[in-house]
Amino acid sequence: MNSADLMAMTSKRLKKELKQLEKSDDNTIYLRPIAVGELLRWNALLRGPPGSPYDGGVYGISVNVDSTYPMSPPNIRFVTKIFHPNVNYNTGEICLDILKKEWSPAWSLISACRAVLSLMDDPEASSPLNCDAGNMIRAGDMDAFNAMARMYNGENAMVWEFPTTPPKKNT
Amino acid sequence: MSELSSSEPPSEPLSEPPSEPPSEPPSEPPSEPPSPTGPFVSDLFPFPSHLLSTQNYSTSTSHFVAQLNLLSETYSSIRIVKGDGSCFYRSFLYGLITILAEPENESERLRIIEYVQKSIITLEEQGYDPLIMEGFQEELLELLTSTIPSSRSGSLNLHTTLTDPHGPSQMSTWYCRPLCSSYIKSHPETFTPFLLSYPSLDSYCKSEIEPSSIESSEISIQAIVKAFGVKVGVEYLDGHDEEKVVRHVFGEGLEINMLYRPGHYDLIYKK
């Protein structure tokens, strides 16, 4: 099987996305490949949304694609531990429809990260990967949920520094 | 692969007992959808003998065989299309590109190239990222522009290009979906009444049209034929009536014909 051509399609698209990212100055999401020249493995930092229990925290997520991207979705996981009903606390797995059956190639890596960010702001208690968090929200006990999420935020998410300027490109 | 020597329907419906097994779920379509790992679009097979030899149609339990025989008065060949959720769009694109390759359809080819060239502007107005969409548009334009009105040998190359899993057809096939969305969103008066159960046309398109695993619907078929200005005729092989096959015609213009078996579309060709 010749994967070279498919990779050409994938890498063309990813290069385009990287170029766009390098031109933008988004101060809520910082998304880059893990190393210069790497295109399939990316990391992102998400700033906890103001007003959410994650405010003040910075969350690392890993964004990996294979040679079927953008026809199939990136694999996105939290690296920083987060107390959230739609994220598995231990593995970082995220339950988000657009990363599964509602994925379409109209999404990009950055727009997928934005969807993760808005999930942080707007948890969906009906399909929990973290039952404790899901139960608190379903029971209407937002105080308990917010307190727990804030506690874990302080414990796990305050150690990152959010990049203010893009690092210099090595050529 | 398949043995397509028999051009006649088998006289005996295999070795199945004549009576219907009581535990059989009746709603299950008796046709096996093409494997999702097969080619995008198969070579041309004789119709209906190819289906009769590859599907276990039982004459005692349904009217599929009778309906296929009725259709054989009009159609003589079939291309089996990969069954991965995109069979309608793939059939549509394959049918469209090959028809546009015919020399007599040159003016339609030019018209559709122009439509696809302009499509990016509409998509951008509707909030799609033009830089992302361009990648798909370029692939479709490549297919349309490389379609030099061809001799018979040229059509062989075209089949190879259209079925190459690493070629432009994969991305072009998906691009039909945002073109469909775009048509729906720019004609809200036509489509909103059918989509009242969705919060917006936008959310309908995002979840029901654009994901590549989602099958087409009557809405998306209506939209795509209008968007491209072509006609799709669908023969419904539903096994309900041995004396007739329901045919639905969508749109107007150059004609692409498809056979619908419950849950799946293939391309069929008239005699």
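Can you tell me how many residues in segment A:34-58 are of a type in the set (A, V, I, L, M) and part of a loop (DSSP other than H, G, I, E, B)?
Selection size over segment A:34-58: 5.
Sort through A:11, A:67 and tell me the only one that's assigned to a helix (DSSP H, G or I), of a type in the set (Ser, Thr, Tyr), within 12 Å of chain B (Cβ to nearest Cβ) and surrounded by fewer than 19 Cβ atoms within 10 Å (Cβ to Cβ).
A:11
Determine the pairs where a residue that is over 11 Å from residue B:141 (Cα atoms), located within segment B:113-129, has a partner that is surrounded by fewer than 17 Cβ atoms within 10 Å (Cβ to Cβ) and polar (S, T, N, Q) with Cβ atoms under 9 Å apart, the partner being 6 or more residues away or on another chain.
As it stands, the answer is B:122/B:186; B:125/B:186; B:126/B:186; B:129/A:20; B:129/A:111, since those pairs meet every condition given.
Okay, residues lined up against (1) buried (at least 18 other Cβ atoms within 10 Å of the Cβ); (2) under 30 Å from residue B:63 (Cβ atoms); (3) modelled with pLDDT of 95 or more:
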residue	(1), (2), (3)
B:217	no, yes, no
B:221	yes, yes, yes
B:227	yes, no, yes
B:231	no, yes, yes
B:234	yes, yes, yes
B:247	no, yes, yes
B:256	yes, yes, yes
B:271	no, yes, no
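Identify, please: which residue in segment B:89-147 is away from chain A (no Cβ under 14 Å), more than 28 Å from residue B:249 (Cα to Cα) and more than 22 Å from the chain's Cα centre (by Cα) and is, among those, most open to solvent (accessible area, probe 1.4 Å)?
B:125
Residue A:128 is checked against (1) within 14 Å of chain B (Cβ to nearest Cβ); (2) surrounded by 18 or more Cβ atoms within 10 Å (Cβ to Cβ); (3) part of a loop (DSSP other than H, G, I, E, B) and fails just one. What number does that condition carry?
Going through (1) within 14 Å of chain B (Cβ to nearest Cβ); (2) surrounded by 18 or more Cβ atoms within 10 Å (Cβ to Cβ); (3) part of a loop (DSSP other than H, G, I, E, B) one by one, residue A:128 breaks only (1).
Would you check if residue A:155 is surrounded by fewer than 20 Cβ atoms within 10 Å (Cβ to Cβ), assigned to a helix (DSSP H, G or I) and over 14 Å from the mean Cα position of the chain (by Cα)?
yes
Tell me yes or no: at least one residue of segment A:73-91 is at pLDDT below 95 and within 14 Å of chain B (Cβ to nearest Cβ).
no
The values are calculated or read from the model by the stated rules, or taken from the named source; none is laboratory data. Since this is a predicted model, take the numbers as computed values, not measurements. No Cβ is skipped: glycine too gets one built from the backbone with ideal geometry, and neighbour counts run over all protein chains shown. Each accessible area value is taken on the protein alone, full model and side chains, heavy atoms only, with ligands, DNA and RNA left out. Shrake-Rupley method; radii C 1.70, N 1.55, O 1.52, S 1.80 Å.
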